[in-house]
1. With a 1.4 Å probe and every protein chain left in place, work out the accessible area per residue of the stretch 34-153 in Å², rounded to a whole number.
2. Of the trypsin sites (Lys or Arg not before Pro) in the stretch 28-115, which ones lie in a loop per DSSP and count no more than 11 other C-beta atoms within 10 Å?
3. Just from the alpha-carbon atoms, what are the Rg and Dmax of the chain in angstroms?
4. Name the longest site-free stretch of the chain, where the excluded sites are chymotrypsin sites (Phe, Trp or Tyr not before Pro) in a DSSP loop with no more than 10 other beta-carbon atoms within 10 Å.
5. On the accessible surface of the stretch 1-145, probed at 1.4 Å, how many percent belong to carbon and sulfur atoms?
6. In whole Å, how far is the Cα centre of the stretch 50-82 from that of the stretch 17-38?
7. For n ≥ 4 DSSP H runs only, could you compute -39500 (n - 2.57) per run for the chain, divide by its residues and tell me the 222 nm figure to the nearest 500?
8. What's the percent breakdown of Cα-Cα distances in the stretch 1-146 across 5 Å bins, shortest bin first?
Amino acid sequence: MLTVTVSEAIKKSNRIVVVPVLLCLAPILPLIWLFDHYKVSAVWGLIVIVSCFVLMILAGLYFTLKWEIWALQHVDDIKALKTRVENRPFSMGFPAKWKIGSKSRKLLVQELWEERSSRTPLYRPAISYDYTLPDEIAVYGSRIQYGAFALCLLAMPFISYSRITDKYQLYLVLPVELIAIIFFLYKTIFPGLKLKLSAKGIWLPKTGHVKWEEISRIYIKDELDQDAALTAFLCFTKKQPLLSKEIIFKIRNLNLTSSKLEYAIKNYLSAYNKKASEPLHFG
């Protein structure tokens with residue numbers, strides 16, 4: 001059976017669960033506009049809104065069961081997945097207590113969980129080494145993100161030259177806009193180095209090189225950041241002479257996804273961490 005990383009399972013949950021849930025809310029604005037356009041009673045608008053939210057909840061509970069069955073059959077580290085899921089905002093736990101589906105499917109989830117959680121050692125990934133991986137992987141900033149910013153800013157000079165009101169034009173901001181455009185175009189062509197993974201360990205700009213044997217734990221967690229966006233963080237605890245120091249790195253706007261990052265780290269650990277006094281496992 002093909003196994004996937006925890007991050008890949010989390011990514012698939014967004015496709016299986018989150019997308020259908022959001023689609024349930026899609027009819028709200030068009031229907032409200034139609035009701036307003038044709039002067040339909042506001043009561044019907046309220047009924048539509050409530051119905052869409054109820055449908056969203058029911059869809060979430062149904063597709064959660066579908067995703068859990070797939071995850072329990074394919075993910076490489078079930079207990080690491082449980083920890084990751086239960087640390088996410090608005091988590092219902094794993095396996096979720098509330099879900100919609102047939103009795104046989106609910107029973108299948110329970111049987112799979114009992115079988116996998118007892119068979120898979122805690123935080124030990126069931127992954128074989130991928131020899132196609134290079135000795136070192138350099139992770140850069142996302143060219144797509146910088147390119148999107150540059151394209152958006154390219155439209156700003158035209159807005160500045162256009163008449164915003166009858167009295168004012170934005171000529172003064174044009175130099176600032178040009179500097180910003182040049183900056184993001186440069187970043188698109190030459191994105192900065194954010195992270196390096198190799199047989200020796202992890203390199204970050206702020207911490208420098210950290211060897212695998214200097215790390216006591218490494219995992220990914222999800223949190224809501226200051227912009228209220230759900231962001232994945234790569235966390236690892238570096239051994240210090242007197243105390244441990246946790247290093248947190250935001251996995252966002254990179255040219256490598258969290259699932260590929262986790263896959264690479266697990267491979268490096270399985271190949272280059274075997275001689276450590278306490279072998280390190282991802283999770």
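The values are calculated or read from the model by the stated rules, or taken from the named source; none is laboratory data. In this text, all values refer to a predicted model and were calculated from it rather than measured experimentally. Here the Cβ positions follow ideal geometry from the backbone for every residue, glycine too, while neighbour counts run over all protein chains shown. Ligands, DNA and RNA are excluded from the accessible area calculation, which covers all protein heavy atoms including side chains. Shrake-Rupley method; radii C 1.70, N 1.55, O 1.52, S 1.80 Å.
1. With all protein chains present, the stretch 34-153 gives 62 Å² per residue.
2. Counting only loop positions with at most 11 other Cβ atoms within 10 Å, the trypsin sites (Lys or Arg not before Pro) in the stretch 28-115 are LYS39, LYS97.
3. When restricted to Cα atoms, the chain yields Rg and Dmax of 24.2, 74 Å.
4. Between exposed loop sites, the widest span is 169-283.
5. Ligands and nucleic acids excluded, carbon and sulfur reach 66 percent.
6. 22
7. When only DSSP H runs of four or more count, the value is -15000 deg cm²/dmol.
8. The percentages, shortest bin first, are 2, 8, 14, 15, 14, 12, 10, 9, 7, 4, 3, 1, 1, 0.
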